[in-house]
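Peer 1: Just passing along the structure, written as structure tokens.
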Amino acid sequence: MAGSLGRICKGLKRLGSLIHPSASVSVRATFARTMLGLPSSFFLKPRDFSLPNSSWGSEMMRLYKHYNSQCEVEMEGGETREGPWQRLPSYNRFLKYAPGGVYLSKIIQSKARLFTRNCRDPGATFEYALYFNSEEQKCVGIFQAGHLLEGPPGHVHGGAIATMIDTVTGAHATILSGPVVTANLNINYRRPIPLGSTVLIESSLDKKEGKKIFITCKVTSSDGSKVHTDTTALFVSIGVSHLLLGS
């Protein structure tokens, strides 16, 4: 166990180097802080999966360019400064330690993947990019649903929708409070999401009470004209030991 803890501590020191080089200084600092406690071995390689690929449709690209344009603001004289929005890099990761500090076999390590990034076929499952606005305390996810996420014929499975809501709101809560766990997701499904379509997932901070973070979230069509779901979420801030040692 002592050896495992030593390797975990060394991994913490290398965490900052895993943030994609194209990310802004503030994004790198935010992720180094919010992901504290996850050793570098949790990441397969420093590849940002939230960058455009050949599967992205026109609406996915439009929204991506829209929010990216607000990550930097051009000043007089051609200089730029950080804008209100920051793009959050997304990495695949594999587990090395199970709860309790149990070292997993290399076979399991090689097969484990972050759930929303576990498919190598572009466009088949979860294609998404996340953005955070510190001034408005909001997080936005652009989500394109792949054909392997089918539930009702021609439409996205409700569990896949819940996964993306949890991903966006969970990232939001993590930025605000460090490591968190989902305590409750209350989702109202109002309109099905067609496979292959792009939707916008908007997360807003409701309030914070001690270790509790209350967040509201809605999923809309890319132009905002249709509401697919509305959600209230509760997250609880936890210590690093809960994630790594199972205590």
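The values are calculated or read from the model by the stated rules, or taken from the named source; none is laboratory data. Since the model is a prediction, treat every value here as computed from it, not as a measurement. Here the Cβ positions follow ideal geometry from the backbone for every residue, glycine too, while neighbour counts run over all protein chains shown. With ligands, DNA and RNA removed, areas are computed over all heavy atoms of the protein, side chains included. Shrake-Rupley method; radii C 1.70, N 1.55, O 1.52, S 1.80 Å.
Peer 1: Out of curiosity, is ILE142 out of contact with any Pro (no Cβ under 8 Å at 6 or more places or on another chain), touching a residue at least 40 places away in the same chain (Cβ under 8 Å) and either in a strand (DSSP E or B) or closer than 22 Å to ARG47 by Cβ (or both)? Steps first, please.
Peer 2: Working: out of contact with any Pro (no Cβ under 8 Å at 6 or more places or on another chain): yes; touching a residue at least 40 places away in the same chain (Cβ under 8 Å): yes; either in a strand (DSSP E or B) or closer than 22 Å to ARG47 by Cβ (or both): yes.
Criteria met by ILE142.
Peer 1: Could you run through segment 209-220 and say how many residues are surrounded by fewer than 23 Cβ atoms within 10 Å (Cβ to Cβ) and touching a Leu at 6+ places or on another chain (Cβ under 7 Å)?
Peer 2: Here the count works out to 3.
Peer 1: Checking GLU150 against (1) surrounded by fewer than 17 Cβ atoms within 10 Å (Cβ to Cβ); (2) closer than 17 Å to PHE235 by Cβ, only one condition comes out false. Which one?
Peer 2: Of (1) surrounded by fewer than 17 Cβ atoms within 10 Å (Cβ to Cβ); (2) closer than 17 Å to PHE235 by Cβ, only one is false for GLU150: (2).
Peer 1: Answer yes or no as to whether ALA173 is of a type in the set (A, V, I, L, M), open to solvent by less than 40 Å² (accessible area, probe 1.4 Å), closer than 17 Å to VAL199 by Cβ and in a helix (DSSP H, G or I).
Peer 2: no
Peer 1: A follow-up question, please. Regarding GLU135, is this residue among the charged types (D, E, K, R) and part of a strand (DSSP E or B)? Give the derivation first.
Peer 2: On the way: among the charged types (D, E, K, R): yes; part of a strand (DSSP E or B): no.
No: the conditions fail for GLU135.
Peer 1: Another question, if that's okay. If you take the residues of segment 74-95 that are open to solvent by less than 50 Å² (accessible area, probe 1.4 Å) and outside any loop (DSSP other than H, G, I, E, B), which of them is farthest from ALA112 (Cα to Cα)?
Peer 2: My answer is TRP85.
Peer 1: Next question. Could you list, in sequence order, all residues of segment 153-170 that are more than 22 Å from VAL236 (Cα to Cα) and either open to solvent by 30 Å² or more (accessible area, probe 1.4 Å) or assigned to a helix (DSSP H, G or I) (or both)?
Peer 2: Kept after step one, since they are more than 22 Å from VAL236 (Cα to Cα), are these residues of segment 153-170: 153-158, 160.
Listed by number, the residues that qualify are PRO153, GLY154, HIS155, HIS157, GLY158, ALA160.
Peer 1: Right, something else. Please determine, by comparing only the residues of segment 96-133 that are touching a His at 6+ places or on another chain (Cβ under 9 Å) and aliphatic (A, V, I, L, M), which one is surrounded by the fewest Cβ atoms within 10 Å (Cβ to Cβ). Don't jump to the end; show me each part of the working.
Peer 2: Our first condition is that a residue be touching a His at 6+ places or on another chain (Cβ under 9 Å); within segment 96-133, this holds for 99, 123-125, 130, 132.
Applying the additional criterion that residues be aliphatic (A, V, I, L, M) yields 124, 130.
Details: ALA124: 13, LEU130: 23.
Residue satisfying both the conditions and the ranking: ALA124.
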